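Just so it is clear, none of the values below were taken in a lab; they were calculated from the coordinates. Just so we're clear, the structure is a prediction, and the values are computed from it rather than from any experiment. Here Cβ is always computed from backbone atoms with ideal geometry, including for glycine, and neighbour counts include all displayed protein chains.
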Amino acid sequence: MDDLYREVIIEHYKNPSYRGHLDPHDIAFADNNPLCGDHIEVNLRVDDKGVITEALFDGHGCAISQASADLLMESVIGKPLEDVKKLTKQDILDLLGIELGPVRLKCALLSLKVLKAGVYGLGSASDDLVE
């Protein structure tokens, strides 16, 4: 089963469906993983009811960080911002479908950290956002 999930990760890394920039956008935030140099920027469009209508990411980094961002963008479209605030690291792990060690976990969670910092309107992202 892990092989199937690994194939999904590689596919999302090589052919992301949600990579790009939204101009204009309602929410944008970017951050880096200083341990490995991964970088993620998230752009969102939100309707007047607080529901995400479009979500794109851009950045560079390892397969895990980029696939995680693509899967996360796909999963938040159509969700209210209040639901996005409740996402956890387990939600990301469920999207990826494989167990990760501590170093790879930081890579996988970067997109969630960036997304939540943008949704909360924070000036900087914190690891506390992805508990």
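Within the set of other residues whose C-beta is less than 14 Å from the C-beta of Pro24, count the net charge using Lys and Arg as +1 and Asp and Glu as -1.
Working: positive: Arg45; negative: Asp23, Asp26, Asp47, Glu54.
In short, -3.
Angle check, please: helix 2-14 long axis (alpha carbons) against the longest principal axis of the chain (alpha carbons), in degrees 0 to 90, nearest 10.
With both axes taken from Cα atoms, the answer is about 50 degrees.
I want the local charge near Leu93. Using Cβ-Cβ distances under 12 Å, sum +1 for each Lys or Arg and -1 for each Asp or Glu among the other residues. Don't skip to the end; give the middle numbers.
Numbers: positive: Lys89, Arg104; negative: Asp91, Asp94, Glu99.
Here the count lands on -1.
Nothing charged except the Cβ atoms of Lys and Arg (+1) and of Asp and Glu (-1): what's the magnitude of the dipole of the stretch 2-122 about its Cα centre? Round to the nearest 20 debye. Provide the component values of the computation, followed by the final result.
On the way: 13 positive and 20 negative charges, 70 e Å.
For the stretch 2-122, the charge dipole is close to 340 debye.
How tilted is helix 63-76 with respect to the longest principal axis of the chain? Cα atoms for both, answer in degrees (0 to 90, nearest 10).
Taking the Cα atoms of the chain, the angle to 63-76 is about 40 degrees.
Could you count how many Lys pairs in the chain have their Cα atoms under 26 Å apart, skipping same-chain pairs fewer than 8 positions apart?
Taking the Cα cut-off of 26 Å, the pair count is 25.
Using modelled backbone amide H atoms (1.01 Å from N, in-plane), which distant-in-sequence or interchain residues come within less than 5 Å of Glu54's amide H?
Those qualifying (amide H under 5 Å, at least 5 residues apart or on another chain) are Arg45.
Helix 102-120 versus the longest principal axis of the chain: what angle, 0 to 90°, nearest 10, using Cα atoms?
So the helix axis and the longest Cα principal axis differ by about 10 degrees.
Grab the other residues whose beta carbon is less than 11 angstrom from that of Arg45, score K and R as +1, D and E as -1, and report the net.
Every neighbour counted, the sum reads -4.
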